[in-house]
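Chemist: Let me begin by handing over the structure; questions about it come next.
The values are calculated or read from the model by the stated rules, or taken from the named source; none is laboratory data. Every value quoted in this text rests on a predicted model; they were computed, and no experiment measured them. Neighbour counts are summed over all protein chains in view; Cβ atoms, including those assigned to glycine, are modelled from backbone coordinates with ideal geometry. For accessibility, only protein heavy atoms count, side chains too; no ligands or nucleic acids. Shrake-Rupley method; radii C 1.70, N 1.55, O 1.52, S 1.80 Å.
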Amino acid sequence: MGRFTSTLVIAALLSLTTTDALHAQAEQGSRSGFGLSLGLGMGSAGVTCEGCEEFEEDRMNGISGYLRIGGYASPRFFAGVEGTGWMHNSDGLERRIAALSVVFVGYPSETTGFFVRSGFGGIRAVIEDTNNNVAVGTGLTWQIGVGYDIPFGAVALTPYVTFVNSMEVGLNINEVSTGFNLNPNILQYGLAITLP
């Protein structure tokens, strides 16, 4: 939990200390050049596991967020890299999901902030108990979502909803392969600060 919180704090400081030139670019609302977005909110996570149903749980709400960095190929298209995280600790278990993806954001209109997004990459899910038993799943992820950039001074406030899913997430317990696939997913929603 500490590592995830520290990452969000560092990302927030990076967004606040971005150069004056980038702030001027954001004020123009041009959606060109460098772009950065930092989101924080909640996520509803679930897990399916064929043949290992003991690891399946009801959906759980937890803290969720993302950091996205990239560039605008045009006012209607953005491409970049995004890190996504989710965590929930209860009943003596620590649950964490992290994903790193290549993402694409499309704006149907140059004059409004509505966008649709998609992406693909890698995902890692961890469940750890108080006896240091660890179940880890690593595999592939894909995501889809929507959002809306609302101009606010030099930045935009961006409410968003994203669904992050996974496939072929091999399950290891205490570093021993089980031969099963543990497939986590997150329905993520929150508010982001986006530049420009």
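Chemist: Charges only on Cβ, +1 for Lys and Arg, -1 for Asp and Glu: so what's the dipole of the range 84-185 about the Cα centre, in debye to the nearest 20?
Modeler: Computed charge dipole of the range 84-185: roughly 160 debye.
Chemist: Same structure again: Compute the relative contact order of the range 98-144 as a whole-number percentage, counting only Cα pairs closer than 8 Å that sit 6 or more residues apart in sequence.
Modeler: Relative contact order, the range 98-144: 37 percent.
Chemist: Using the alpha-carbon centroid of each, what span in Å lies between the range 69-99 and the range 29-53?
Modeler: About 4 Å separates the Cα centre of the range 69-99 from the one of the range 29-53.
Chemist: If you line up the Cα atoms of the range 77-183 on their principal axes, what length do they span on each, largest first, in Å?
Modeler: Projected onto the principal axes, the Cα atoms of the range 77-183 cover 53, 26, 16 Å.
Chemist: Computing the accessible area with a 1.4 Å probe over protein heavy atoms, can you report the carbon and sulfur percentage for the range 67-196?
Modeler: 65 percent
Chemist: Whole-Hz Karplus ³J(HN,Hα) for the range 128-140, in order, using 6.51 cos²θ - 1.76 cosθ + 1.60 and θ = phi - 60°, x for Gly and Pro?
Modeler: Using θ = phi - 60°, the values come out as 10, 9, 6, 9, 6, 7, 10, 9, 10, x, 10, x, 9 Hz.
Chemist: Follow-up. At 0.36 nm per residue, minus the direct Cα-Cα distance, what do S32 and N131 gain on full extension? Give it in nm, one decimal, please.
Modeler: Taking 0.36 nm per residue and subtracting the Cα distance, the gain is 30.6 nm.
Chemist: 7 Å from Cα along Cα→Cβ at both V116 and V176: what's the point-to-point distance in nm?
Modeler: 4.7 nm
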